[in-house]
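Written below as structure tokens is the structure these notes are about.
The values are calculated or read from the model by the stated rules, or taken from the named source; none is laboratory data. Predicted model only: the values in this text are computed from it and were never measured. Positions of Cβ are backbone-derived with ideal geometry, glycine not excepted, and every protein chain shown enters the neighbour counts.
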Amino acid sequence: MADMEFRNVWKIYDKKVNAVQDLTFGCKDREFFAILGPSGCGKTSSLRMLAGLEDISRGDILINGQRVNNLSSRERNVAMSFENYGLYPTFNIYDNIAYPLRILKLDQDTINKKVMDIARKLRLIDVLNFKPAALSSGQKQRVSIARALVRNPDVTIMDEPLSHLDAKMRSHMRSVIKRLHNSLGLTTVYVTHDQIEAMTMADKILIMNYGREQQIGTPDEVYSEPANVFVAGFIGTPQMNLFDCEIDSDGCTVKHGQVFAVTAEQYRGQIVAGQKVVLGIRPNNLNISHQPFPGSISGTVYVVEGLGETTIISIRSGDLLLKADVDGLVSDWTYDAPIHYSIDTGKMHLFDAGSGMRIKPIKGQSDT
């Protein structure tokens, strides 16, 4: 396996479209590194440059300390698993998995040993004589992964491999891929738009938007300490409530018009009177009640969504529409009924409205 590094990498199409802009990050040996972002953010372009399928416009990519900009995919010793499997329909499963080993001109005994070993790990022994058309979506994806891993690549690259599977199969395949990564000691770069995949599988996550890095961190770091408004709104289900606010004359109270005003002691000295900020609070950090309570804010029930383990209650409060996430299946809230809520100020986030960047508290840390 190997370390991998991007150094100030750009991808520019037609001399005008900056798909990837000044991207710098590293993936350590045996690390599971996810690149996460919405469609068009530059994650697949980054992956294709790593794989040698796209030229690098500027900057350098290194594998094991070696600059690979001018090396072919084969010379880089990377393997790639795609969303669309990329299987040969006329080959049986054994031959699909064995194909990259035959390209390397390995002897048949070695090929057979490697194919059978990876087939056992991915539970494919019983289908080795089948053609791809006879397999389920989950089996085809496992074959694609087996073919990528069979030649022991330095870096394993996966491009949204689970996006077309149903929810049950996605959950199963997340476990399979994570287990394989750990048991085989892989260095894995995994591209996805699905935050659940990134959060549950990755050791570290790079979040991208408009071709640029937004944040690099562990799953806990990007959830608990989002670097900016984009990350705050992108990570978490349901997403974080975000409100445009202003700092009151005391330099410590955060207010949204006449709807609410909350004290932010942990930000005293980090914010100033009149400053425009964005307040962020996760739905599970709102307290709700049928009756008013000290410090509560009034609203009405807009929508109730029962999810079994939790219930999402959308609240209309002045010009705001926010969500509260409460435990259990709650049935005692009716549409347009009065509701009273409060913001857990110890768990709220503040972002500068101009730059969008997180303002760090000085007394403790947000714990969301």
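List, please: which pairs have Cβ atoms under 6 Å, are six or more places apart or on different chains, and start with a residue in the stretch 176-200 that is closer than 19 Å to residue 123 by Cα and end with one that is in a helix (DSSP H, G or I)?
178/201
Is the stretch 256-266 home to any residue that is part of a helix (DSSP H, G or I), in the same structural domain as residue 341 (by TED's automatic domain parsing), in contact (Cβ under 8 Å) with a residue 60 or more places away in the chain and over 15 Å from the mean Cα position of the chain (by Cα)?
yes
Quick one: which residue in 147, 142, 170, 174 is in a helix (DSSP H, G or I), of a type in the set (Lys, Arg) and closer than 13 Å to residue 32 by Cα?
174
Taking the stretch 24-41, which residues are part of a strand (DSSP E or B), touching a residue at least 40 places away in the same chain (Cβ under 8 Å) and in contact with an Asp or Glu (Cβ under 6 Å, 6 or more places away or on another chain)?
Of everything in the stretch 24-41, just one residue is part of a strand (DSSP E or B), touching a residue at least 40 places away in the same chain (Cβ under 8 Å) and in contact with an Asp or Glu (Cβ under 6 Å, 6 or more places away or on another chain), namely 32.
Taking residue 331 and the conditions (1) closer than 18 Å to residue 239 by Cα; (2) modelled with pLDDT under 95, which numbered condition does it fall short on, given that it satisfies the others?
For residue 331, the exception is condition (1).
In the stretch 334-368, which residue that is of a type in the set (Gly, Ala, Ser) and in a loop (DSSP other than H, G, I, E, B) is modelled with the lowest pLDDT?
Ranking the candidates gives 366 first.
Filter the stretch 97-119 down to the residues that are within 18 Å of residue 73 (Cβ to Cβ) and either touching a strand residue (DSSP E or B) at 6+ places or on another chain (Cβ under 6 Å) or part of a helix (DSSP H, G or I) (or both) and list them by number.
99, 100, 101, 102, 103
Scan 25, 32, 91, 82 and give me the residue that is among the aromatic types (Phe, Trp, Tyr) and buried (at least 21 other Cβ atoms within 10 Å of the Cβ).
The unique qualifying residue is 32.
Identify the residue in the stretch 307-333 that is free of Cβ contacts under 8 Å to residues at least 24 places away in the same chain and among the aliphatic types (A, V, I, L, M) and, among all such residues, is nearest to residue 241 (Cα to Cα).
Here the residue is 321.
Could you check, for the stretch 55-75, whether at least one of its residues is over 23 Å from the mean Cα position of the chain (by Cα), loosely packed, with under 14 Cβ neighbours inside 10 Å, among the charged types (D, E, K, R) and modelled with pLDDT under 95?
yes
Tell me which of these residue 162 doesn't satisfy, since it passes every other one: (1) out of contact with any Asp or Glu (no Cβ under 8 Å at 6 or more places or on another chain); (2) of a type in the set (A, V, I, L, M); (3) part of a loop (DSSP other than H, G, I, E, B).
For residue 162, the exception is condition (1).
Can you give me the number of residues within the stretch 194-217 that are surrounded by fewer than 19 Cβ atoms within 10 Å (Cβ to Cβ) and either in contact with a strand residue (DSSP E or B) (Cβ under 6 Å, 6 or more places away or on another chain) or basic (Lys, Arg) (or both)?
Residues meeting the conditions: 3.
Being hydrophobic (A, V, I, L, M, F, W, C) and in contact with a Leu (Cβ under 7 Å, 6 or more places away or on another chain) is the filter here, so list the residues in the stretch 79-110 that pass it.
Listed by number, the residues that qualify are 79, 93.
Would you tally the residues in the stretch 267-297 being of a type in the set (A, V, I, L, M, F, W, C) and assigned to a loop (DSSP other than H, G, I, E, B)?
3
Go through (1) assigned to a helix (DSSP H, G or I); (2) closer than 24 Å to residue 208 by Cα; (3) at pLDDT 95 or above one by one and return the number of the condition residue 44 breaks.
(3)
Output the residues belonging to the stretch 214-255 that are part of a loop (DSSP other than H, G, I, E, B) and within 30 Å of residue 26 (Cβ to Cβ).
218, 225, 226, 227, 235, 236, 237, 239, 240
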